[in-house]
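S.K.: Have a look at this one.
The values are calculated or read from the model by the stated rules, or taken from the named source; none is laboratory data. These numbers come from a predicted model, not from an experiment. Methodologically, a virtual Cβ is constructed for each residue, glycine included, from the backbone with ideal geometry; neighbour enumeration extends over all protein chains shown.
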Amino acid sequence: MTLIKSISGIRGTIGGFAGENLTPQDIVECTAAFGHWVKIQTSNPKIVVGRDARISGEIVSNLVVNTLRSVGIDVVDLGLSTTPTVEIAVPMEGAGAGIIITASHNPKQWNALKFVNFNGEFISQKDGQEVLDLITENAIEYANVDKLGSYCQKDDYIQKHIDAVLALPLVKVDAIRAKNYKVIIDPVNSTGALALPPLLEQLGCEVTIINGEPNGQFAHNPEPLAENLTELSTAITTNNADLGISVDPDVDRLALVCEDGEMFGEEYTLVAVANYVLQNVKGTTVSNLSSTRALKDVTEKAGCVYHPAAVGEVNVVTKMKEVKAVIGGEGNGGVIYPDLHFGRDALVGVALILSSLAEFGKSLSFLRRTFPSYHIAKNKIQLTPEIDIDHLFAELQRKYSNQEINTIDGLKIILDTGDWIHLRRSNTEPIIRIYTESDSDVISQNLAKKIQMDINDILKSNN
C-alpha cells in the first residue's frame, strides 16, 4: 500500500494506516493545507471540485468538500466530471483554484487529489512546495462558525465543455456530421461515459459504448494501452465501425483504434492532431522529451519549429506559453490545445481528430500510415542508495559527448541517426526510467540494452 505527497497533490491506495495510505486523515490534512494556501493567494476563496467515477470517489469528495468549507472556502461541486472539465470550470466560475479527485490511469484501489490554480492549470513546483510546507509547519487556520464556506452543486459543466469544443474554428462540425461516423467507445467505467457520448452524438456520430457504466469497477486495467484494449478492438471489427476511442478514467488521455482493429498508437494521437492544426495554423509545437520524434518531423514538414520540454504537464504548458505554441502535449495521448485551455483534454482531441479525418476523406488506418513510424521501448533500472545519479549521468554525458545532448530533464542523448535515449529519475519510484526510440523495434530495444550495459560498467568502475 502506498501514499505519495508531491508538489502536484497527494495520491495513494485506499485503506490501511494514516501516513502510509490515502486515509481520511491524510485527505483532510492535504485539503486543508491547499485551502489555506488558496486563501492566502486570493481575495476570492472559491474552489471547484470534481471527481472521476472511482469507488472511493464519493467518500473522498465529501471529505474534501467539508474540509474546504471548514477552512472558509466556498465550494462549487461538479460531482462526476472529467479533469479537463474541472480545469475549464475554474476560470468560468472565477474561482481561486480547483481540486480534481482522480488517480488518472491507476487501478481502482488508488485515488488522488490534483491541484489546479485560478487559471485551471496544474500548480507550479513552487506553489506545490508551499502547500507541502504548510502541512509540516502545522500552520493551517480554520474558520469560525460565522465564516464557514458555502456549497453549491452544478451539473452542467460537461455540456459547457462540449459547447466550448464545438465552437472552436478548427472543429469542423458540419464536415463530421456529413460523414455519420460509426464510433465505439470504451470509457472504462468512468466519467468518459458521461462526456464522450454527448460530444459524439452532437457531432452526428453513431455511438456504441462498452464498459459504459460509471461505477468505478474498471473492466480492465484503466490505462489506455494496446494490451488493455482488446475488447474494444474486437468490437470495432465485429460491428464494422469507423474507429474506436478509449480514454483513461479522468478523460485527459486519448487512445484511438483503427477500423481494422489495429491500434493507432498513443504516441500518435498528438502527432495526428498537431498535423491537422499545422495544416490550418502555422506555429510552434511542444512535447516532452520522452515523446516520439514524429511530432518534430510533422512540425518541420509544415515549415514550423518544434520545442522539447521536461516531462510533466506543468512543464509542457510552461514551455508552450514561452514559445507561443499552437499545439502541444505528451506522448501518452495527452493533447493540449491552447485555443481551448492549457490542459490535456481528450474531448478536444476527439473533435480535432474527427475534423482531420473528415477533411482527409480516408480511413483512420490510412491516416496513420501518412506519418513516420517509430518504436519506443520503455525500461527502468532500480535505484539503490549507493548510486550517485548525478555522477552517473555526468559519466554517460562524457561517454556520448560527440552526440547531441539535452539535460533539461535527466539526460537525453540524440544519436546521429535521429534515434534517442532518455534517462530520468522517476518522481514517484526509486528507479531510473529509460526510454529509447528508433524506426525499428529491435534497434530501440538494443539501445536500451546498450545504455544499461554502459550504466553497469560505470557503476562497476566506481566500486
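S.K.: Here are some residues: 240, 215, 221, 211. Which one is buried (at least 19 other Cβ atoms within 10 Å of the Cβ), touching a residue at least 12 places away in the same chain (Cβ under 8 Å), in the same structural domain as residue 269 (by TED's automatic domain parsing) and part of a loop (DSSP other than H, G, I, E, B)? I'd like the intermediate steps shown before the answer.
M.R.: Values: 240 fails: buried (at least 19 other Cβ atoms within 10 Å of the Cβ); 215 fails: buried (at least 19 other Cβ atoms within 10 Å of the Cβ); 221 fails: buried (at least 19 other Cβ atoms within 10 Å of the Cβ).
On inspection, the qualifying residue turns out to be 211.
S.K.: Additional query: On the given criteria, is residue 367 touching a helix residue (DSSP H, G or I) at 6+ places or on another chain (Cβ under 8 Å), free of Cβ contacts under 8 Å to residues at least 40 places away in the same chain and surrounded by 15 or more Cβ atoms within 10 Å (Cβ to Cβ)?
M.R.: On the way: touching a helix residue (DSSP H, G or I) at 6+ places or on another chain (Cβ under 8 Å): yes; free of Cβ contacts under 8 Å to residues at least 40 places away in the same chain: no; surrounded by 15 or more Cβ atoms within 10 Å (Cβ to Cβ): yes.
Criteria not met by residue 367.
S.K.: Can you work out which of the residues in the stretch 250-300 that are of a type in the set (Lys, Arg) and part of a loop (DSSP other than H, G, I, E, B) is nearest to residue 326 (Cα to Cα)?
M.R.: Initially, the stretch 250-300 is screened for residues of a type in the set (Lys, Arg), giving 253, 282, 293, 296.
Subset that is part of a loop (DSSP other than H, G, I, E, B): 253, 282, 293.
Details: 253: 19, 282: 8, 293: 17 Å.
Only one residue tops the list, namely 282.
S.K.: Does residue 325 satisfy the condition of being surrounded by fewer than 24 Cβ atoms within 10 Å (Cβ to Cβ), in contact with a helix residue (DSSP H, G or I) (Cβ under 8 Å, 6 or more places away or on another chain) and not in a strand (DSSP E or B)?
M.R.: Working: surrounded by fewer than 24 Cβ atoms within 10 Å (Cβ to Cβ): no; in contact with a helix residue (DSSP H, G or I) (Cβ under 8 Å, 6 or more places away or on another chain): yes; not in a strand (DSSP E or B): yes.
No.
S.K.: Pick from the stretch 116-165 the residues that are polar (S, T, N, Q) and in a loop (DSSP other than H, G, I, E, B): which of them is farthest from residue 337 (Cα to Cα)? Give the derivation first.
M.R.: As a first pass, look at the stretch 116-165 and keep what is polar (S, T, N, Q): 117, 119, 124-125, 129, 136, 138, 144, 150, 153, 159.
Next cut, in a loop (DSSP other than H, G, I, E, B) only: 117, 119, 124, 138, 144, 150.
Working: 117: 18, 119: 15, 124: 19, 138: 39, 144: 42, 150: 33 Å.
Ranking the qualifying residues of the stretch 116-165, first place goes to 144.
S.K.: So which helices (runs of 4 or more DSSP H) are wholly in the stretch 334-446 and hold at least 3 residues that are closer than 22 Å to residue 225 by Cα? Before you say what the answer is, go through the steps one by one.
M.R.: On the way: elements: 346-360, 364-369, 389-399.
Output list reads 346-360, 364-369.
S.K.: Would you check if residue 84 is of a type outside the set (Phe, Trp, Tyr), closer than 29 Å to residue 215 by Cα and in a loop (DSSP other than H, G, I, E, B)? Steps first, answer last, please.
M.R.: Values: of a type outside the set (Phe, Trp, Tyr): yes; closer than 29 Å to residue 215 by Cα: yes; in a loop (DSSP other than H, G, I, E, B): no.
For residue 84, the condition - of a type outside the set (Phe, Trp, Tyr), closer than 29 Å to residue 215 by Cα and in a loop (DSSP other than H, G, I, E, B) - is not met.
S.K.: Out of 331, 343, I need the residue that is within 21 Å of residue 289 (Cβ to Cβ) and modelled with pLDDT of 95 or more. Which one?
M.R.: On the way: 331 fails: modelled with pLDDT of 95 or more.
Unique residue meeting the criteria: 343.
S.K.: Suppose the filter is at positive phi, polar (S, T, N, Q) and assigned by TED's automatic domain parsing to the domain that holds residue 132; does residue 104 pass it?
M.R.: Working: at positive phi: yes; polar (S, T, N, Q): yes; assigned by TED's automatic domain parsing to the domain that holds residue 132: yes.
Taking the combined requirement at face value, the residue satisfies it.
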